[in-house]
Structure formats: structure tokens, C-alpha cells
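Below is one structure; the comments refer to it alone.
The values are calculated or read from the model by the stated rules, or taken from the named source; none is laboratory data. Quantities reported herein were computed from a predicted structural model and do not represent experimental measurements. No Cβ is skipped: glycine too gets one built from the backbone with ideal geometry, and neighbour counts run over all protein chains shown.
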Amino acid sequence: MFVQLQIAAMVFMMVQAILFFTGAVLVLATPLKDMAMQLMPWVIGVSVVISAPVSWMIAPRLRARYWRERGVTSDAISG
């Protein structure tokens, strides 16, 4: 479990960057840009909240043990 937490912590920042970029583009490249000052703090908060469970779900898939137990060599996430 501690290893999964370490992996999730490393993955968290990458997932958050992707979600923040997506949210920022949606706000700034649409008619919502008039409300950008009000929406960008929400984009930051939502990206942090969603990134935590997503990174926790991705973390075990990045370990070799996960794939040995299932008898599969890899998938699209781990290569």
C-alpha cells in the first residue's frame, strides 16, 4: 500500500496537469472566457479533486505485480 501511495503521488501531478490544461482550454477557448476570472479557481479545484482518485486507480496498473497476477503482459496504460 505504501508503494501504491508513492506511485500515486508521482502520477498525481501528471494527471492534474492534463486535467487543468483541459479545463483551462475549455474556459479560455469558448464563450466562457468572459467569466474566466470566476471559473479558473473552479478549474483548479476540480482538477485537484478529480486527480486524486484517478491517480490512485492508475497506480497499481504501473506495477509488474499487477500484471503477473493477471497473466497479462501489459495494456495501453503501462505499455
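Can you tell me which residue within segment 45-72, out of those that are over 14 Å from Thr22 (Cβ atoms) and hydroxyl-bearing (Ser, Thr, Tyr), is modelled with the lowest pLDDT?
Checked segment 45-72; the qualifying residue modelled with the lowest pLDDT is Tyr66.
The condition of being modelled with pLDDT under 90, surrounded by fewer than 14 Cβ atoms within 10 Å (Cβ to Cβ) and of a type in the set (A, V, I, L, M) does not hold for Ala17.
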